[in-house]
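Working notes for the structure below.
The values are calculated or read from the model by the stated rules, or taken from the named source; none is laboratory data. Model, not experiment: these values are computed from the prediction. Every residue, glycine as well, gets a Cβ built from its backbone with ideal geometry; the counts of neighbours run over all protein chains shown. The area values use the complete protein model at the heavy-atom level, side chains included, leaving out ligands, DNA and RNA. Shrake-Rupley method; radii C 1.70, N 1.55, O 1.52, S 1.80 Å.
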Amino acid sequence: MKKKMLAGLLSFAMIFSLTACGGSTTTEEPAPTEEPAVEETAEPAAGDAKTGFAVISSVAKSKDAAEEDGLAQTDSLAVAVIVDKDGKIVNAVIDSAQTKINFSKEGKITTDLATIFKSKVDMGEEYGMKKASAIGKEWNEQAAAFADYVKGKTVEEIKGIAVTEEGVPTGDDIKGSVTVKVKDFIAGIEKAAANAKEIGASSTDKLGLAIETNIAKSKDAGDEVGLAQAYSTYVVTTTDADGKITSAIIDGSQANINFDSTGKITSDLTAELKTKQELGEGYGMKKASAIGKEWNEQADAFAEFIKGKTADEVKGMKVSADGLTEEEELKSSVTVHVTDFIKLAEASVKKAN
């Protein structure tokens with residue numbers, strides 16, 4: 001009997017010892033400690049933003065010829081924007097094409113018709129504002145500073161930027177970098193944002209704008225009035241991290257100023273000036289087009305074709321000696337000259353920031 005009791009006590013002691021040491025297979029493991037949840041930041045989806053462009057042109061500074069040559073001056077402010085899904089400007093570029101064509105009191109053009117006019121951004125210090133600037137900054141520097149300042153703002157917030165009666169910004173956070181009049185900048189941004197469409201851009205894309213102007217179609221006055229024509233071409237591109245074009249906009253403007261054989265301007269210098277995109281069928285190419293397409297339709301087809309391409313791939317597109325596309329996919333939709341489109345698309349991508 002004593003032996004049985006002793007054996008029972010030993011068995012109990014062994015079970016107690018195993019349980020205390022965690023050796024029992026029936027003992028539950030402690031619940032694992034949960035790791036704190038890490039909130040992932042979603043990357044912007046491709047094509048989650050809108051690309052917009054606008055041009056505001058004026059010929060108001062033109063003047064008749066007298067003892068000095070007359071002046072046909074066109075000022076075309078160009079603004080490109082990327083607008084995110086919340087309506088905020090996430091990127092902006094501001095530039096201007098200023099074209100000055102002189103003519104004599106005999107109605108003869110005195111400016112070389114082979115002149116190619118650079119935009120103010122491309123001119124840089126050649127434009128000559130820096131030496132007269134109270135803050136020592138050139139026009140392109142001030143335009144870039146304002147474009148940077150509006151990033152993250154809605155159009156309504158931009159319209160609310162405080163300015164003087166002359167249109168110069170007064171805020172302490174901007175007046176040290178921008179002393180030019182910004183009313184047109186603001187109007188251009190508003191118009192570009194209103195024009196913006198979802199055509200492939202992402203809110204993180206780079207944005208570029210290239211402009212070039214020629215006056216080749218200008219002519220002297222004679223039996224008919226003379227013509228001072230500023231012909232500007234604009235190409236906007238957005239590019240992704242791999243340098244590929246995600247969206248593109250192509251536009252053009254033709255400012256025609258007429259003058260007679262005495263050097264007097266006969267055009268209305270207050271008339272509204274529209275771009276070719278704004279004119280649409282009003283431009284009048286469709287009726288003369290072999291493929292029945294208007295200028296803006298052909299420009300849009302070219303812009304769509306270059307999406308997904310790099311600057312080098314655009315530069316390598318096949319073109320005839322006459323400047324017409326030899327890309328089979330484009331022949332049925334684009335019959336206008338594309339040399340300038342290609343050159344400016346390449347420049348736009350390379351200038352993008």
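Kindly provide the set of residues from the range 333-350 that are open to solvent by 60 Å² or more (accessible area, probe 1.4 Å) and either closer than 18 Å to Asp251 by Cα or modelled with pLDDT under 95 (or both), ordered by number. Even if it seems obvious, please write down each step before you answer.
Of the residues in the range 333-350, the ones open to solvent by 60 Å² or more (accessible area, probe 1.4 Å) are 337, 339, 343, 350.
Within the range 333-350, His337, Thr339, Lys343 meet the criteria.
Could you tell me whether the range 250-263 includes any residue that is over 23 Å from Thr335 (Cβ atoms), open to solvent by 30 Å² or more (accessible area, probe 1.4 Å), outside any strand (DSSP E or B) and of a type in the set (S, T, N, Q)?
Yes; the residues of the range 250-263 include at least one that is over 23 Å from Thr335 (Cβ atoms), open to solvent by 30 Å² or more (accessible area, probe 1.4 Å), outside any strand (DSSP E or B) and of a type in the set (S, T, N, Q).
Within the bounds of the range 69-76, is there any residue that is among the β-branched types (Val, Ile, Thr), surrounded by 21 or more Cβ atoms within 10 Å (Cβ to Cβ) and modelled with pLDDT of 95 or more?
Of the range 69-76, the ones among the β-branched types (Val, Ile, Thr) are 74.
Applying the additional criterion that residues be surrounded by 21 or more Cβ atoms within 10 Å (Cβ to Cβ) yields 74.
Right, trim to modelled with pLDDT of 95 or more and you get 74.
Yes - at least one qualifying residue is present in the range 69-76.
I'm checking my understanding of the structure. Among residues of the range 283-298 that are basic (Lys, Arg) and over 20 Å from Tyr231 (Cα atoms), which one is surrounded by the fewest Cβ atoms within 10 Å (Cβ to Cβ)?
Lys287
List the residue pairs whose Cβ atoms are under 7 Å apart, where the first residue sits in the range 125-146 and is in a helix (DSSP H, G or I), the second is basic (Lys, Arg) and open to solvent by 60 Å² or more (accessible area, probe 1.4 Å), and the two are 6 or more positions apart or on different chains.
Close Cβ pairs satisfying both conditions: Lys130/Lys137.
Between Phe185, Phe117, Phe103, Phe146, which is aromatic (Phe, Trp, Tyr), closer than 30 Å to Val225 by Cβ and under 25 Å from the mean Cα position of the chain (by Cα)?
On the way: Phe185 fails: closer than 30 Å to Val225 by Cβ; Phe103 fails: under 25 Å from the mean Cα position of the chain (by Cα); Phe146 fails: closer than 30 Å to Val225 by Cβ.
Matching residue, one of Phe185, Phe117, Phe103, Phe146: Phe117.
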